[in-house]
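Below: the structure, in structure tokens.
The values are calculated or read from the model by the stated rules, or taken from the named source; none is laboratory data. Computed from a predicted structure; not experimentally measured. Here Cβ is always computed from backbone atoms with ideal geometry, including for glycine, and neighbour counts include all displayed protein chains.
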Amino acid sequence: MLSRGTAPAADVTRWAAGRLAQGVLTVALAAVLAFVLMRLAPGDPLAALGEDRPLTAEARAQLEARFGLDRPAAAQFAAWATALLRGDLGTSIATGQPVAGLLLARLPASLLLGGTVLLLTFGLGIPLGVLQARHPGSLVDRLLGGLSLTAWSVPAFWLGLVLAALVAVRWRLLPAAGMADPLLDPAAPWAVRAADVGRHLVLPAVTLTVVSIAAVMRYQRAAMRSALALPSVLAARARGLPERRVVWGHAWRNALGPVIALLGLWLPLLVTGAVFVEYVFDWPGLGQLAAAAVAARDYPVVMGVTLVVAATTVAGNVVADLLHVAADPRLRG
């Protein structure tokens, strides 16, 4: 976090350099951990290539040489890291396609789902948490607290299956899987295609929002309770300011810190969504790609997704620090 008061340019530069170094180290450690765990996990990365007919010893040897699987693990990691420095994420073992292309193809779907979930989670969770804090112990507080705790306890994949079974299969109100209707004319107007994507987005977005919103509500409630007891807020009330201005103009900004930190931790949701939810609804995002890659032991794809998630996590923490400074006047000059 930046120091209080007016930070000299040198302090800002040192802070940025330090965070960059920490970020690079974090991403590197995540890559090493993913590499080691995938090599320790049972399974054959070439198994998917021999589904149609068993691989001959010669064909297997050629494939192992092509993907570098015939070398020691340390040499494999060194080759992967060297290629990464050149901007090459490697080639998928299962599909033979460049990993970078696979990630870029899945990124828009993940950004759409993750962005929608973050918007709903924080857009609804913050005012609901404030409402609870303003009426502690009331029926509204107990009701919202009970509902949020119940939602937090429900596994996302189970809720997704229930919603798909009821809303999509039994009631036929929304599609159960995919991102678009495969029978929709590609030449259909933009508004029609956007509406179709929106209908497919509802169930996975609602599933993730329901199981995520409880944390935002509880963090905001606790922080707001503390903020409402601050001397500056009590003084604002004593001056006769309207309650709405006291709550949102004075107390709320002092209660943003924990929620901003939570937002930074959840920014990776923008690119990964939730693996199980994407799998349940067949949403073509990075989470689904990661699940398929782990199941197939597709090492290059797993490493590529790991890099994206680790880098997004680091960026989220930096963004959270900057937002905290912007929201809290005590941390600025």
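Listed values, structure above:
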item	result
Set L184, L173, L166: member being touching an Asp or Glu at 6+ places or on another chain (Cβ under 9 Å), farther than 30 Å from N254 by Cα and either loosely packed, with under 14 Cβ neighbours inside 10 Å or of a type in the set (F, W, Y) (or both)	L184
Criterion (more than 17 Å from the chain's Cα centre (by Cα), part of a loop (DSSP other than H, G, I, E, B) and either closer than 30 Å to A41 by Cα or at pLDDT 90 or above (or both)) met by exactly one of L234, L183	L183
Some residue of the range 80-88 being of a type outside the set (A, V, I, L, M), part of a helix (DSSP H, G or I) and closer than 18 Å to A31 by Cβ	yes
Positions within the range 138-161 being modelled with pLDDT of 95 or more and outside any helix (DSSP H, G or I), in sequence order	S138
Among (1) surrounded by fewer than 21 Cβ atoms within 10 Å (Cβ to Cβ); (2) part of a helix (DSSP H, G or I); (3) under 24 Å from the mean Cα position of the chain (by Cα), the one test that Q220 misses	(1)
Residue within the range 255-272 that is out of contact with any Pro (no Cβ under 7 Å at 6 or more places or on another chain), assigned to a helix (DSSP H, G or I), of a type in the set (G, A, S) and in contact (Cβ under 8 Å) with a residue 60 or more places away in the chain present	yes
Which listed residue is within 30 Å of the chain's Cα centre (by Cα) and not aromatic (F, W, Y), from A41, A65, A75	A41
Subset of the range 91-130 (residues that are polar (S, T, N, Q) and assigned to a helix (DSSP H, G or I))	S110, T116, T121
Count - residues of the range 237-263 that are of a type in the set (G, A, S) and either surrounded by 21 or more Cβ atoms within 10 Å (Cβ to Cβ) or farther than 28 Å from L322 by Cβ (or both)	4
Among the candidates L124, L118, residue that is closer than 20 Å to G264 by Cα, of a type outside the set (S, T, N, Q) and in contact with a Phe, Trp or Tyr (Cβ under 9 Å, 6 or more places away or on another chain)	L118
Count of the range 32-68 residues which are among the small types (G, A, S) and assigned to a loop (DSSP other than H, G, I, E, B)	3
Condition check for V314: at pLDDT below 90, closer than 13 Å to R106 by Cβ and either crowded, with 21+ Cβ neighbours inside 10 Å or small (G, A, S) (or both)	no
Looking only at the range 187-202, and only at residues there that are small (G, A, S) and either surrounded by 16 or more Cβ atoms within 10 Å (Cβ to Cβ) or not in a helix (DSSP H, G or I) (or both), the one that is modelled with the highest pLDDT	A188
Among (1) modelled with pLDDT of 95 or more; (2) crowded, with 18+ Cβ neighbours inside 10 Å; (3) closer than 30 Å to V294 by Cβ - the single one G114 does not satisfy	(1)
Any hit, the range 133-149, residues being touching a residue at least 60 places away in the same chain (Cβ under 8 Å), farther than 23 Å from T272 by Cβ and exposed (fewer than 15 other Cβ atoms within 10 Å of the Cβ)	yes
Any hit, the range 163-177, residues being closer than 30 Å to P258 by Cβ and either in contact with a His (Cβ under 6 Å, 6 or more places away or on another chain) or assigned to a helix (DSSP H, G or I) (or both)	yes
Candidates A227, A214, A205 - the one that is in contact with a helix residue (DSSP H, G or I) (Cβ under 8 Å, 6 or more places away or on another chain), farther than 28 Å from G23 by Cα, modelled with pLDDT of 95 or more and in a helix (DSSP H, G or I)	A205
